[in-house]
Amino acid sequence: MSVDFKKFSGSGMTSDSSRLKLISELKKQGIKNNKVLNAMSIVPRHIFIDEAIAGKAYDNTALPIGKSQTISQPMIVATMTEILLEKNPKRVLEIGTGSGYQAAILSLLVNKVYTIERIEALHKKANHVFREVGLKNIYTKFSDGNKGWPQKAPFDAIIVTAGAIDIPKSLMDQLSTTGGILLSPVKKNDKQYLKSIEKNDEIISEKIHGTVNFVPLLEGTD
Ligand code: SAH
């Protein structure tokens, strides 16, 4: 896809060179997929957060985006994207649009990204950034993501970017039966783990990828 990110080139802490430093840190920490590294080196994370904290955009940390929510840590975005790409998905559903950053990264790597957010103000803000940047393969919805997006199912991949206690059954139902992958933080013994579930016909296989720290997956809309 030809999106021109050049016009968002920042300076100082938001410059391309600050972003490239972050990319080499992600490599050092174990991210190997060049497509993921490339997407993260292209997409300017600083346009997804408030100007007041834009100087921290290329720190490898989660940052506040208002309404008590956060933009995920770049290493987590890279890890989750890398796991999904192993399955070469074409159509991806994201639960928890938040700032829109994760969706923007995915939009450079897959055909279509569907993303749902339960806080209207965040949904609108993300829509605005997607339009400004010209990312046309991201479809957004203001809704409770626990229900998924049945009209657009099945999805090759579903990525939940908020901490669930249990993975909602509707999401499992909307996952492709031919190698579909669902990735979600899940809670167990007061800890959050990143879990992937693969679906091949009736066979479900699960894997844990380490601990994470996401804001909770809530019910309903705000
Ligand atoms: N992917 C985001 C991370 C956002 S943090 C990014 O790249 O910035 C998690 C987001 O999930 C928050 O915006 C929160 O409002 C949203 N969320 C929590 N529960 C939800 C639900 N049931 N449906 C949709 N979004 C939800």
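Only the coordinates and a few stated rules stand behind these numbers; no lab work does. Note that the coordinates shown come from a computational prediction; the quantities given were computed from them, not determined experimentally. Heads up, the Cβs are rebuilt from the backbone with ideal geometry, glycines too, and the neighbour counts pull from every protein chain shown.
Structure values in brief
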| item | result |
| --- | --- |
| Residues D50, D4, D156, sorted so that the one with the fewest Cβ neighbours within 10 Å comes first | D4, D50, D156 |
| Residue among S15, S205, S68 with the largest mean-square fluctuation in a Gaussian network model of the chain, springs linking Cα atoms under 10 Å | S68 |
| Relative compactness, the chain, computed as alpha-carbon Rg over 2.2 N^0.38 Å | 0.95 |
| Span from the segment 1-78 Cα centroid across to the segment 162-222 one, whole angstrom | 25 Å |
| For L63, distant residues with modelled amide H under 5 Å away | I71 |
| GluC sites (Glu not before Pro) restricted to DSSP loop in segment 62-155 with at most 16 other C-beta within 10 Å | E86 |
| Mean separation of Cα contacts under 8 Å (6+ apart) over length of the chain, as relative contact order % | 15 percent |
| 222 nm mean residue ellipticity, helices alone, for the chain (DSSP H n ≥ 4; -39,500 (n - 2.57); rounded to 500) | -8000 deg cm²/dmol |
| For the chain, built as a Gaussian network whose Cα springs stay under 10 Å, the top-fluctuating residue of I181, I83, I138 | I83 |
| Percent RCO, i.e. relative contact order, over segment 150-217, from Cα pairs under 8 Å lying at least 6 residues apart | 31 percent |
| Residues with amide H under 5 Å from that of T140, placed H, sequence gap 5 or more | T115 |
| Cα pair count fraction exceeding 25 Å, expressed as % - segment 40-152 | 14 percent |
| Estimated vicinal HN-Hα couplings, Hz - segment 201-216 in sequence order (Karplus 6.51, -1.76, 1.60; Gly, Pro = x) | 6, 8, 8, 10, 10, 10, 8, 9, 10, x, 8, 9, 8, 9, 5, x |
| Shape of segment 95-182, Cα gyration tensor, a/c cut at 1.5 | oblate |
| Exposure proxy order (Cβ contacts within 10 Å, fewest to most) of I105, I203 | I203, I105 |
| DSSP beta bridge pairing in the chain, given as percent antiparallel to the nearest 5 | 50 percent |
| Selection from L135, T177, A121 lying farthest towards where the dipole of segment 62-212 points positive, charges on Cβ | A121 |
| Vicinal HN-Hα couplings computed from phi for segment 36-44 (Karplus, 6.51 cos²θ - 1.76 cosθ + 1.60; Hz; Gly/Pro x) | 5, 4, 5, 4, 6, 7, 8, 6, x |
| Long-range amide H partners of I159 with built H, under 5 Å | L93, E94, I95, L183 |
| Segment 173-222: C-alpha gyration tensor shape, a/c 1.5 cut-off, then a/b vs b/c | oblate |
| Phi to ³J(HN,Hα) by Karplus 6.51 cos²θ - 1.76 cosθ + 1.60 over segment 132-138, Hz, x for Gly, Pro | 4, 7, x, 7, 9, 9, 10 |
| Computed FRET value (nearest 0.05) for I208 with S11, which takes r as the C-beta separation and R₀ as 45 Å | 0.65 |
